[in-house]
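One structure below.
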Amino acid sequence: ELVLLAGEGMHLVFADDDSRTELLPPHGRHRFSGERELAAELVSGPTQDFNLIWKRDRVEATLLHRPLVGPMVFFSEPGVRWIVHVLSGFAAFKDQRLPARLEQGDSAHLEPSHGGSGQRLILDGGGELLLIKLVQREAARA
């Protein structure tokens, strides 16, 4: 999945069926199979993009664009991991021994621990995030 972060945008042209997709500000996005051959034509000048790549047979990936206004809680779930990417503003982890502060452009991998008091992570701050939920497929767990 490709997300436009900055710039005037681009046109994606897929070779297999000659289809075109536009990624335009703010935060245009498109999900496609990585095996598809494509070319990108910039609208005007360079762009900055977020590219999420995963193995479909091992992981189910969901990408969400969300505001961060105060605390956001991530609970422990078997086979689930999260990635947080800060589009704007800041985010900080609460209730951690070593608090980490994320600024615009930073990413973090979240994996709430199983059992004990660490069954959740709290992310606090203000701004915009890309949240990526990665769920391990059952066949990959075996």
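Residues that are touching a residue at least 24 places away in the same chain (Cβ under 8 Å) and either open to solvent by 70 Å² or more (accessible area, probe 1.4 Å) or part of a strand (DSSP E or B) (or both) within the range 4-22 comprise Leu4, Leu5, Ala6, Glu8, Met10, His11, Leu12, Val13, Phe14, listed in sequence order. Selection within the range 64-87: residues that are open to solvent by less than 80 Å² (accessible area, probe 1.4 Å) and under 13 Å from the mean Cα position of the chain (by Cα). The member of this set that is farthest from Val3 (Cα to Cα) is Trp82.
The values are calculated or read from the model by the stated rules, or taken from the named source; none is laboratory data. What you see is a predicted model, and the numbers here were worked out from it, not measured in a lab. All Cβ positions, even for glycine, are placed from backbone atoms using ideal geometry, and neighbour counts span all protein chains on display. Accessible surface is based on the protein model in full, side chains and every heavy atom, while ligands, DNA and RNA are left aside. Shrake-Rupley method; radii C 1.70, N 1.55, O 1.52, S 1.80 Å.
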